[in-house]
Amino acid sequence: MTSVDHVTRILPGSPEWAHLLDQIGAGATDRDLDDENPFDQVAALKRAGFGTLRLPEHRGGAGFTVPQLFSTVIAAAHADPIVAHIFRTHFWFVEERLRTADDPSSARWLHKVAEDKIFGNAFSERGSLAVGSLVFNTRLLPADGGGYRLDGEKYYRTGTRAARRRTRCAARRGSPAQSRQGEGASR
């Protein structure tokens, strides 16, 4: 996992951004061929404030539109497609929270994004269930002493390993077709 101590926003289109992309692109093919995780490159984008680009300025972001974000992600993918892909779930998570930004729960998560927390996922499961069906073998069960616990196995890759937070999906007991998404605070 990457950690970022200090963020200095670098805006796309600036000479600093071009330099950053050159650094990320250096060795990308070798990292891919050697199956080397690009944690340093992900950390460099985090330090540049990449994960906050869609946040409105009043929430600590750059206020990018969706087309501006896509252009920026495409530019990062030209440097290293794996690094750009690592942020895919994060940007989905941010977009979902922005749709309900006035909700206290969403506002709390957007504040975490403004603190440069990157979100990954732990949705994937092995098995015979159709991908995208939103039906999960993982169950959300009542825990001893109150609350809930997840019971199941999730599989994930580099993007989730690089994330500071993970979202998970599970079905409630007795309702396999009714999945619920939970935002976890695991590391």
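The values are calculated or read from the model by the stated rules, or taken from the named source; none is laboratory data. Model, not experiment: these values are computed from the prediction. Virtual Cβ from ideal backbone geometry, glycine too; neighbours counted across all protein chains shown.
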Considering the range 71-90, residues that are touching a Phe, Trp or Tyr at 6+ places or on another chain (Cβ under 9 Å) and not polar (S, T, N, Q), and then whichever is farthest from GLY27 (Cα to Cα), we arrive at HIS90
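Can you pull out the residues in the range 62-84 that are within 21 Å of LEU98 (Cα to Cα) and without any contact (Cβ under 8 Å) to a residue 12 or more places away in the chain?
Going through the range 62-84, the residues within 21 Å of LEU98 (Cα to Cα) turn out to be 62-73, 84.
Within the range 62-84, GLY63, PHE64, THR65, PRO67, PHE70, ALA84 qualify.
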Scanning the range 44-61 for residues that are touching a residue at least 12 places away in the same chain (Cβ under 8 Å) and either farther than 14 Å from HIS111 by Cα or part of a helix (DSSP H, G or I) (or both) gives ALA44, LEU45, LYS46, ARG47, ALA48, PHE50, GLY51, THR52, ARG59
Self-check item: Filter pass, ALA130 being modelled with pLDDT of 70 or more and either surrounded by 13 or more Cβ atoms within 10 Å (Cβ to Cβ) or over 21 Å from the mean Cα position of the chain (by Cα) (or both)
Solution: no
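Of a type outside the set (S, T, N, Q) and either surrounded by fewer than 18 Cβ atoms within 10 Å (Cβ to Cβ) or over 17 Å from the mean Cα position of the chain (by Cα) (or both), is that true of PRO56?
Working: of a type outside the set (S, T, N, Q): yes; either surrounded by fewer than 18 Cβ atoms within 10 Å (Cβ to Cβ) or over 17 Å from the mean Cα position of the chain (by Cα) (or both): yes.
Here the answer is yes, as PRO56 does meet what is asked.
Here is a yes/no grid of residues against (1) of a type outside the set (S, T, N, Q); (2) in contact with a Pro (Cβ under 9 Å, 6 or more places away or on another chain):
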| position | (1), (2) |
| --- | --- |
| VAL42 | yes, no |
| ARG59 | yes, no |
| ALA62 | yes, yes |
| GLN68 | no, yes |
| HIS85 | yes, no |
